[in-house]
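Undergrad: The structure follows.
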Amino acid sequence: MPELPEVETVARGLQRSITGRRIVSVQLGKTDFIDDPAAIELHLPGRRIDRIERFGKFMLLRLSGSPDRPERGPSPPSGSAALLVHLGMTGNLAPAPAALPWGKHTHVRMLLDDGRELRYADTRRFGRIAYLENESLAAELARFGAEPLLVTAREFAARIRERDAQIKALLLNQSVLRGVGNIYADESLWRARIHPAKRGARLTPGETEKLRRALQEILRRAIELRGSSISDFLDAEGMPGEYQSRHRVYGREGEKCYRCKTQIRRIVVAGRSSYFCPACQHAPARRPRSGKKAKRKQAGKTSKS
């Protein structure tokens, strides 16, 4: 599933390619991944695409101008209406000549005023598209946590060290940090030498800051290389990313660690495969049993003896 660097890559490509274009018409295919298909058809025609930006793993196409149906009411002011797009696992959003035949899995076609179409294709339809404005847009964005590329040391420490969950789970929690996924969580934890199962509350201040810096450095480098193409990710120009050649731990189970030559292992943390080096990323000490569980275990031992 595209993560922050991949979504940022697509958003930057679209920003260069379609900013300022007006949406002339919209044609929809299958709509089970669209929050309100009627709202898309009603509110998009006539709108100008002011800018495209990433928000976590989402893209926001900021819209301005008036829809083609002014009798439905005034349009929201510039910047308060947006088309929210999540690529899911196999989604792709890119412009194409209107005359170019569209594929079987192209489900959204937006004709632009320069004769091109902005097309959304998604084989498995695990993505999401929604038209949002005003309060609904603000409420949607408020659900998400801090921006990883901008989060300060103090805020990052507060979000991580004040929670007792496993650090891998915290990195994947979109209400803690928005945009981080499995690939870059594993890569950052390896860089910082932190085991994915270690509890956030048990990280030292030094470990926490080391992780924040590792995460930001890796994300920025991945963006420079247009993300990771593990299976079918392509950017807005149809090109694959290159950062997958820089992975140091993700997907490398059984291969040698680049630092110490120990074999990379895989465990499941927070329901996700997690790759780590057992020598570089020491497993956390087991937490002592407490309360009733410990007493029951001791009573069981006593009765057996």
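Yes/no per residue for (1) part of a strand (DSSP E or B); (2) in contact with a strand residue (DSSP E or B) (Cβ under 7 Å, 6 or more places away or on another chain):
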position	(1), (2)
PRO2	no, no
ARG12	no, no
GLN15	no, yes
ASP32	no, no
GLU41	no, yes
ILE49	yes, yes
GLU53	yes, yes
LEU61	yes, yes
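Undergrad: Does ARG125 meet the test of being modelled with pLDDT under 95, within 19 Å of the chain's Cα centre (by Cα) and of a type outside the set (S, T, N, Q)?
TA: When the stated conditions are applied, ARG125 passes them.
Undergrad: Quick test for you: out of PRO76, PRO95, pick the one residue that is modelled with pLDDT of 95 or more and touching a helix residue (DSSP H, G or I) at 6+ places or on another chain (Cβ under 6 Å).
TA: Sole residue among the options that is modelled with pLDDT of 95 or more and touching a helix residue (DSSP H, G or I) at 6+ places or on another chain (Cβ under 6 Å): PRO95.
Undergrad: Check every one of the strands (runs of 3 or more DSSP E) wholly within the stretch 74-145 and list those with 1 or more residues that are of a type in the set (D, E, K, R) and assigned by TED's automatic domain parsing to the domain that holds LEU44.
TA: Strands (runs of 3 or more DSSP E) meeting the threshold: 106-112, 116-122, 128-133.
Undergrad: Quick one: which of CYS260, CYS280 is surrounded by 18 or more Cβ atoms within 10 Å (Cβ to Cβ), at pLDDT 95 or above and not small (Gly, Ala, Ser)?
TA: Answer to the check: CYS280.
Undergrad: All but one of (1) within 12 Å of the chain's Cα centre (by Cα); (2) within 15 Å of ARG202 (Cβ to Cβ); (3) basic (Lys, Arg) hold for ARG178, so report the exception by its number.
TA: (2)
Undergrad: While we're here: Can you tell me which residue is nearest to ARG48 (Cα to Cα) among those in the stretch 110-135 that are among the small types (Gly, Ala, Ser) and buried (at least 17 other Cβ atoms within 10 Å of the Cβ)?
TA: Restricting to residues being among the small types (Gly, Ala, Ser) and buried (at least 17 other Cβ atoms within 10 Å of the Cβ), the top hit is ALA130.
Undergrad: Continuing with the same structure: Quickly run through the stretch 100-109 and pick out the residues that are surrounded by fewer than 19 Cβ atoms within 10 Å (Cβ to Cβ) and within 24 Å of the chain's Cα centre (by Cα).
TA: Answer for the stretch 100-109, where residues must be surrounded by fewer than 19 Cβ atoms within 10 Å (Cβ to Cβ) and within 24 Å of the chain's Cα centre (by Cα): HIS105, THR106, ARG109.
Undergrad: Can you go through GLU217, GLU255 and tell me which one is exposed (fewer than 14 other Cβ atoms within 10 Å of the Cβ), closer than 23 Å to PHE144 by Cβ and modelled with pLDDT of 95 or more?
TA: Exactly one of GLU217, GLU255 is exposed (fewer than 14 other Cβ atoms within 10 Å of the Cβ), closer than 23 Å to PHE144 by Cβ and modelled with pLDDT of 95 or more, namely GLU217.
Undergrad: Hey, another quick one. For the condition modelled with pLDDT of 95 or more and among the charged types (D, E, K, R), what is the one hit in ARG265, ARG296?
TA: ARG265
Undergrad: Please pick out the residue among ILE160, ILE167, ILE183 that is over 11 Å from ALA214 (Cβ atoms) and within 15 Å of the chain's Cα centre (by Cα).
TA: None of the other options fit; the residue is ILE183.
Undergrad: Additional query: Applying the selection to the stretch 140-154, what residues are free of Cβ contacts under 8 Å to residues at least 40 places away in the same chain and surrounded by fewer than 14 Cβ atoms within 10 Å (Cβ to Cβ)?
TA: Selection gives ALA142, ARG143, LEU150, THR152, ARG154.
Undergrad: Are any residues in the stretch 222-250 in contact with a strand residue (DSSP E or B) (Cβ under 8 Å, 6 or more places away or on another chain) and at pLDDT 95 or above, and if so, which ones?
TA: Answer for the stretch 222-250, where residues must be in contact with a strand residue (DSSP E or B) (Cβ under 8 Å, 6 or more places away or on another chain) and at pLDDT 95 or above: VAL249, TYR250.
Undergrad: Picking from GLY46, GLY29, which residue would you name as being under 26 Å from the mean Cα position of the chain (by Cα), in the same structural domain as LEU112 (by TED's automatic domain parsing) and of a type outside the set (S, T, N, Q)?
TA: Going through GLY46, GLY29 in turn, the sole match is GLY29.
The values are calculated or read from the model by the stated rules, or taken from the named source; none is laboratory data. Just so it is clear, the model here is predicted, and its values are computed rather than measured. Note: ideal-geometry Cβ built from the backbone for every residue, glycine included; neighbour counts use all protein chains shown.
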